[in-house]
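Enquirer: For reference, the structure I am asking about is given below.
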Amino acid sequence: MIDMKKSILENGFSKLCTAKAMTELYEANFKQVSKYVHATSRGHEAIQIALGLQLLPQDYAFPYYRDDAMLLSFGLEPYDLMLQLLAKKDDPFSAGRTYYSHPSLKDDDKPKIPHQSSATGMQAIPATGVAMGMQYKELQGLDDKALKALPFVVCSLGDASVTEGEIAEAFQMAALKQLPILYLIQDNGWDISANAAETRAQNAFEYAKGFNGLEAISIDGANFTESYDALEQVIHTIRKERRPFLVHAKVPLLNHHTSAYVWNGIVMI
């Protein structure tokens, strides 16, 4: 058990360092890199990697635009992400046609990522629909009986997006139907250019209390060990009990919001 924990920490630290190095490389070559707007996981790496290391190939993931560290933890290489960032035709996700960290992925050895809109929060309803599809297959006896662990869905969101109407629709249906889905809310205290006090009356953890049947926890998303252990318990419960959870992860924003908010070396948020 100790050896396994050590290997998890070593793997997690390696992914953290890779994500940080990628961000620094992008910023050092901003004018060449920023052919269109991009964001990075800087400050969010710990929670993303803690989650990504625990997903299985039968699971489905709906990342948001800041989730490049999560994609690294799925087993994707920096080269793959850079091909997408630079909109190259050899991009393995969409031949350079989708926004950074919005891939389409169907590799046999990785969680599945359906194509999604780059609009913030738009993945919540499709993600919840996939969880409903999983439930339907199980109820009809159509699920894969050979799997050692039942699949579930991850929907990753920024905290400001939780103010949007489609998020409420997704939460309502997940709670009503008791769907196997995890909503991971990464809260760095900022919207695009406004802070939390200016844009929302409560955080996602507090908001989730209004949805009966949607269990929620709030954790320090910058603490890898706390994040990994909390998510391990949540994921185990979803796989066994087939019900929804919300994890509110408090994280710092250590970089600009997106490359669109950097001008002449000045960071604007």
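Enquirer: Restricting attention to segment 111-138, which residues are part of a loop (DSSP other than H, G, I, E, B) and either at pLDDT below 95 or out of contact with any strand residue (DSSP E or B) (no Cβ under 9 Å at 6 or more places or on another chain) (or both)?
Expert: Scanning segment 111-138 gives Pro114, His115, Gln116, Ser117, Ser118, Ala119, Thr120, Gly121, Met122, Gln123.
Enquirer: Would you check which residues across segment 204-219 are of a type in the set (Ser, Thr, Tyr) and either within 15 Å of Gln172 (Cα to Cα) or surrounded by 19 or more Cβ atoms within 10 Å (Cβ to Cβ) (or both) and list them?
Expert: Tyr207
Enquirer: Hey, among the residues in segment 194-232 that are among the charged types (D, E, K, R) and in a loop (DSSP other than H, G, I, E, B), which one's farthest from Leu246 (Cα to Cα)?
Expert: Arg200
Enquirer: All but one of (1) within 22 Å of Pro180 (Cβ to Cβ); (2) surrounded by fewer than 18 Cβ atoms within 10 Å (Cβ to Cβ) hold for Ala131; state the number of the condition that does not hold.
Expert: So the condition that Ala131 fails would be (2).
Enquirer: Right, next: Within segment 60-85, take every residue that is among the charged types (D, E, K, R) and either crowded, with 24+ Cβ neighbours inside 10 Å or within 12 Å of the chain's Cα centre (by Cα) (or both) and give me the one that is modelled with the lowest pLDDT.
Expert: Arg66
Enquirer: Please tell me if Ser118 is touching a His at 6+ places or on another chain (Cβ under 7 Å) and either more than 18 Å from Gln58 (Cβ to Cβ) or among the charged types (D, E, K, R) (or both).
Expert: So Ser118 fits the description; yes.
Enquirer: For the subset of segment 18-41 comprising residues that are of a type in the set (Phe, Trp, Tyr) and surrounded by fewer than 18 Cβ atoms within 10 Å (Cβ to Cβ), which member is modelled with the highest pLDDT?
Expert: Checked segment 18-41; the qualifying residue modelled with the highest pLDDT is Phe30.
Enquirer: Among the listed residues Ala222, Ala194, Ala249, Ala201, identify the single one that is closer than 21 Å to Tyr64 by Cβ and either loosely packed, with under 14 Cβ neighbours inside 10 Å or at pLDDT below 95 (or both).
Expert: Criteria check complete, one pass: Ala194.
Enquirer: Using the structure shown, decide if Gln178 is more than 19 Å from Thr237 (Cβ to Cβ), surrounded by 14 or more Cβ atoms within 10 Å (Cβ to Cβ) and out of contact with any helix residue (DSSP H, G or I) (no Cβ under 6 Å at 6 or more places or on another chain).
Expert: No: the conditions fail for Gln178.
Enquirer: Starting from residues that are without any contact (Cβ under 8 Å) to a residue 24 or more places away in the chain and part of a helix (DSSP H, G or I), keep the ones in segment 83-110 and report whichever is farthest from Ala61 (Cα to Cα).
Expert: Filtering segment 83-110 for residues that are without any contact (Cβ under 8 Å) to a residue 24 or more places away in the chain and part of a helix (DSSP H, G or I), the one farthest from Ala61 (Cα to Cα) comes out as Leu83.
Enquirer: Of all residues in segment 139-165, count the ones that are in a helix (DSSP H, G or I) and within 15 Å of the chain's Cα centre (by Cα).
Expert: Selection size over segment 139-165: 4.
The values are calculated or read from the model by the stated rules, or taken from the named source; none is laboratory data. Just so it is clear, the structure is predicted and the values come from calculations on it, not from any experiment. Here Cβ is always computed from backbone atoms with ideal geometry, including for glycine, and neighbour counts include all displayed protein chains.
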